[in-house]
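Trainee: My structure is below; once you've seen it, I'll send some questions.
Read-outs: derived from the displayed coordinates by stated rules, not from any lab. This structure is a prediction, so every number in the text was calculated from the model and none was measured. Reconstructed Cβ throughout: ideal geometry from the backbone, glycine too, with neighbour counts over all protein chains shown.
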Amino acid sequence: RHWFLFEMVMGKKAAGQLATTDKFHDQAIPFVARSGTIVGDIGEGNGSIPGRDDGTVGVGEATFEGAAASVRVPYGHTTILVADLVLRHVLHFLANGDFAVRPKRG
């Protein structure tokens, strides 16, 4: 969020909302009981983030209290957007309300 190009492209408001101290994070999450989190976990990928992370966000910061379900996947912050396993998790969650995806056979 401190990178000048990010701020130039996304604007100051978006950059500010990335800080966990921003009042944006105090808002209630609508439909929390029907929400889920898919958390990237590549181990200790980013030395500036304590503990496990996705290279950009710490695992502990990537979920929220009250979520109906949460699952960790072995992908980084950007890769998580296009990973086949993640897409299957999303579709399964939308249909069933959980992340119980069977391994792809083949």
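Trainee: On each of the three principal axes of the Cα atoms of region 37-83, give max minus min coordinate, whole Å, ordered largest first.
Mentor: Sorted from largest, the Cα extents of region 37-83 read 30, 24, 12 Å.
Trainee: Next question. With the chain treated as a Gaussian network of Cα nodes joined by springs under 10 Å, which of ALA95, ALA83, ALA62 yields the largest mean-square fluctuation?
Mentor: ALA95
Trainee: Once both axes come from the Cα atoms, what is the angle between helix 4-17 and the longest principal axis of the chain, in degrees from 0 to 90, rounded to 10?
Mentor: Approximately 80 degrees, to the nearest ten.
Trainee: If you don't mind, there's one more thing I want to ask. Give me the angle, in degrees from 0 to 90, between the Cα long axis of helix 84-96 and the longest principal axis of the Cα atoms of the chain, rounded to the nearest 10.
Mentor: 70
Trainee: So, one more: Set the Förster radius R0 to 25 Å, insert the Cβ-Cβ distance between LEU18 and VAL90 as r into 1/(1 + (r/R0)^6), and round the FRET efficiency to 0.05.
Mentor: 0.65
Trainee: With a cut-off of 8 Å between alpha carbons and a minimum separation of six or more residues, what is the relative contact order of the chain in percent?
Mentor: Relative contact order of the chain: 20 percent.
Trainee: Taking the chain as a Gaussian network, where each spring joins two C-alpha atoms under 10 Å apart, which residue of SER35, SER48, SER70 fluctuates the most?
Mentor: Looking only at SER35, SER48, SER70, the largest GNM fluctuation is found for SER48.
Trainee: Let me ask you something else. Net charge near ARG72: determine it from the other residues with C-beta under 9 Å of the C-beta of ARG72, scoring Lys and Arg +1 and Asp and Glu -1.
Mentor: Value of the local net charge: 0.
Trainee: Report, in cubic angstrom per residue, the convex hull volume of the C-alpha atoms of the chain.
Mentor: Hull volume over Cα atoms, normalised by residue count, gives 131 Å³.
Trainee: Also, I was wondering about something else. Comparing THR21, THR63, THR37, which has the greatest mean-square fluctuation in the GNM of the chain with Cα pairs linked when under 10 Å apart?
Mentor: THR21
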